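Note sheet for the following structure.
The values are calculated or read from the model by the stated rules, or taken from the named source; none is laboratory data. Values in this document were obtained by computation on a predicted structure and should not be read as measured data. Glycine also receives a Cβ, built like all others from the backbone with ideal geometry; neighbour counts cover every protein chain displayed. Areas reflect the complete protein model, heavy atoms only, side chains present, ligands, DNA and RNA absent. Shrake-Rupley method; radii C 1.70, N 1.55, O 1.52, S 1.80 Å.
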Amino acid sequence: MKAFHWILLYCAAPLLSDVQGTYHLMAGDPELMAAQSYAQTRNNGRPPLRTLNPEKTDSQCRSRSLDLVFIIDSSRSVRQGEFEKVKIFLANMVDTLEVSSDSTRVAVVNYASTVKTEFLLKDYFSKLDLKKAISRIEPLATGTMTGLAIKTAANEAFTEQSGARPRSRNISKVAIIVTDGRPQDQVEEVSAAARGKGIEIYAVGVDRADMRSLQLMASTPLEDHVFYVETYGVIEKLTSKFRETLCGVDPCSMGHDCEHICVNSNASYYCKCRKGYILNVDKKTCSLKQVKVEVVEDPCKCEARLAFQKQTQAAIQQLTAKHIQSVRIERLENTVGRA
C-alpha cells in the first residue's frame, strides 16, 4: 500500500507543480517565502503558447483617467511563451480601461540590458490600436536593467512631449513594472525620484523575482502596490485586481447617508435633493421647500366691495334718518294730544 501511495504521489507531482496562485504579501511572510522558494527551486515547464488577439474586448471602467506606463522585463529568463502571456496581460489591462485622448493614455517601456520605448502616451488612443501595438512587441533578450528602465520611463515616457498631461490637469500617473528577476542595477534612488515626480509605482514579481527589490520600487502602502505570482501562467489573474485599483470605486456604490441623491465626486461624494426639496444643514437629509404664498386681490373685486360698502352705509344712514324723524313725529303727536 505504501508503494502505491508513493507511485500516486510521483505521478501527481507534475500536476501539483502546475498548481498556480497569486500572492499579495509582504516580505518576510512565511507563505511568501515558501512560495518564492518553491518557485525558485522547481523546474517550470514551458507554458502553453497563447497569442494575443487584438479583437477581443472586455468591460471597461469610467471612474478614473490615467497616464499609464507599463515597464516590462523581457530579459533572457523570460521565455517566448511567457512573454506572450505578459502581452496578453497588458492587452487585458487595456480592455478594462476607458482609452482615449481625454481619459486613459497608455505607453509601454520594454527593457533587458537596454531599454526600448515601444510606444508613447501620445501614439494610440483606441483599444484596438493599442493591442495591435502590444502584439508587435518583441523581447530584448539579455540583462535586467530595471533601474535604467524606471529612469527612462520617468524622464521620457511621462513627459508632456511624450503625451503625458500637465500636473494642472490632476491626471494620475501610474507605472506598472513586471519582472521575474533581480535588477542588475540600482532601483532605490531612481524609484524614489520617479515617485517624487508624482508617479505611482506598482511592482509585479514573477517566479524568481526579488521581493526586496520590488518593495524598493513600489509606492506605499506596499501591501497595495507589491504583487507576486508564481508563474507567468497566472499573471492574467491580476487583471481583475488592477481593474479594481485603477478604475477606482464609486463611493456612492459603497454606501452613503444621502436621503435622496448621492453624487460621486471622485474620492468622495455629496448629497443632493429631488426637485421641490432643499438640503438640510446636516447636508444629508432633505425637506420640502417652504413656499411663501402672497395673496393678491383682484382689483375688480376690491372696487365692487367698496361700492357695496358705500351703498350699504348710505342705506343704513337713510334708514337711521327715517327712524329718527319717525320718533320725533311720534313725540310731537303725543305732546299735542296731551294739550
Practice task
Any chance you could check the Cα centroid distance between segment 95-117 and segment 196-225 for me, in angstrom?
Solution key: 18 Å
Completion exercise
Distance in nm between ALA315 and ILE278 label points, each 7 Å along Cα→Cβ, equals 4.8 nm
Handout entry: Test item: Cα-centred dipole of segment 66-247, Lys/Arg +1 and Asp/Glu -1 on Cβ, debye
Key = 280 debye
Exercise for the section: Two decimals is fine: what's Rg over Rh for segment 57-197, C-alpha atoms, Kirkwood radius as Rh? Expected result: 0.95
Exercise for the section: In debye, nearest 20, what is the charge dipole magnitude of segment 150-201 about its Cα centre with +1 on Lys and Arg Cβ and -1 on Asp and Glu Cβ, if you could check? Expected result: 300 debye
Completion exercise
For ILE329, the accessible surface traced by a 1.4 Å probe with all protein chains present amounts, in square angstrom to the nearest 10, to 90 Å²
Handout entry: Net length gained if the chain between GLU244 and THR142 were fully extended (0.36 nm per residue, minus Cα distance)
Key = 33.3 nm
Exercise for the section: With a ≥ b ≥ c taken as the square roots of the eigenvalues of the C-alpha gyration tensor of segment 158-262, please select rounded if a/c is under 1.5 and otherwise prolate if a/b is larger than b/c or oblate if it is not? Expected result: oblate
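With a 1.4 Å probe and all protein chains in place, put ARG79, ARG274, ARG105 in order of accessible area, largest first.
Reading off the accessible areas and sorting them downward yields ARG274, ARG79, ARG105.
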Exercise for the section: Considering only protein heavy atoms, with the full assembly of protein chains and a 1.4 angstrom probe, order HIS225, HIS256 by accessible area, largest first. Expected result: HIS256, HIS225
Handout entry: Exposure ranking of LEU216, LEU319, LEU148 by accessible area [1.4 Å probe, largest first]
Key = LEU319, LEU148, LEU216
Fill in the blank from the handout: Expressed in square angstrom to the nearest 10, the accessible area of TYR124 with a 1.4 Å probe stands at 60 Å²
Handout entry: Cα gyration tensor shape of segment 100-167, rounded if a/c is under 1.5, else prolate or oblate by comparing a/b with b/c
Key = oblate
Problem - Over 25 Å (Cα to Cα) - which of LYS85/LYS197; LYS87/LYS116; LYS127/LYS272 fall in this group - result: LYS85/LYS197; LYS127/LYS272
Exercise for the section: Please give the solvent-accessible surface of VAL115 in Å², to the nearest 10, using a probe radius of 1.4 Å with every protein chain present. Expected result: 40 Å²
